[in-house]
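Input: a single structure, listed below in structure tokens.
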Amino acid sequence: MPIRLATVHVDDVRELTGLASYPRWSGGVTVDDELIELHLLCEELIAPCDDRDPNAPVPAEEHAGRVAWLIRNIEPNGCTITVKDGRIQDGNHRFSAAVYRGDDLVRVCFME
């Protein structure tokens, strides 16, 4: 499967993926600014964890905590995501952090 790497403006990624706001996770779960701000204010930051089951359902509060951790720990314009068939395949939390912070750019791995 060929891949292409590019640095892309956040708004262009939104247009390409059809995202008006934050991405959705399984079950239609999404986050909003208010929930992310609450996690930042309360320091309820959830660091990445390789031990979690990626297929287990996760509530919006946990997603917001993961996004909040990324906001505090990833450099602006430093997020990388993977896009395939017009959808974010990997990096929904990272992209959400970039959107919340108002980053201009993300690195994208396009899988074709």
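The values are calculated or read from the model by the stated rules, or taken from the named source; none is laboratory data. Here the structure is a predicted model, which means the values were calculated and not measured. Glycine gets a Cβ as well: all are built from the backbone with ideal geometry, and neighbour counts include every protein chain shown.
What about Glu37, is it in contact (Cβ under 8 Å) with a residue 12 or more places away in the chain, of a type outside the set (Ser, Thr, Tyr) and within 15 Å of His93 (Cα to Cα)?
No; evaluated as a whole, the condition is false for this residue.
Check Asp90, Asp85, Asp104 and return the single one that is surrounded by fewer than 16 Cβ atoms within 10 Å (Cβ to Cβ) and more than 23 Å from Val29 (Cα to Cα).
Every option except Asp104 fails the conditions.
Among the strands (runs of 3 or more DSSP E) confined wholly to the stretch 50-112, which include 3 or more residues that are touching a residue at least 12 places away in the same chain (Cβ under 8 Å) and touching a helix residue (DSSP H, G or I) at 6+ places or on another chain (Cβ under 9 Å)?
80-84, 105-111
Cβ-Cβ under 9 Å, sequence separation 6+ or interchain: first residue in the stretch 12-29 and farther than 17 Å from Pro54 by Cβ and at pLDDT below 95, partner of a type in the set (Ser, Thr, Tyr) and in a helix (DSSP H, G or I). Which pairs?
If the second residue must be of a type in the set (Ser, Thr, Tyr) and in a helix (DSSP H, G or I), the pairs left are Tyr22/Ser96; Tyr22/Tyr100.
Could you count how many residues in the stretch 17-64 are within 15 Å of Val99 (Cα to Cα) and of a type in the set (Gly, Ala, Ser)?
4
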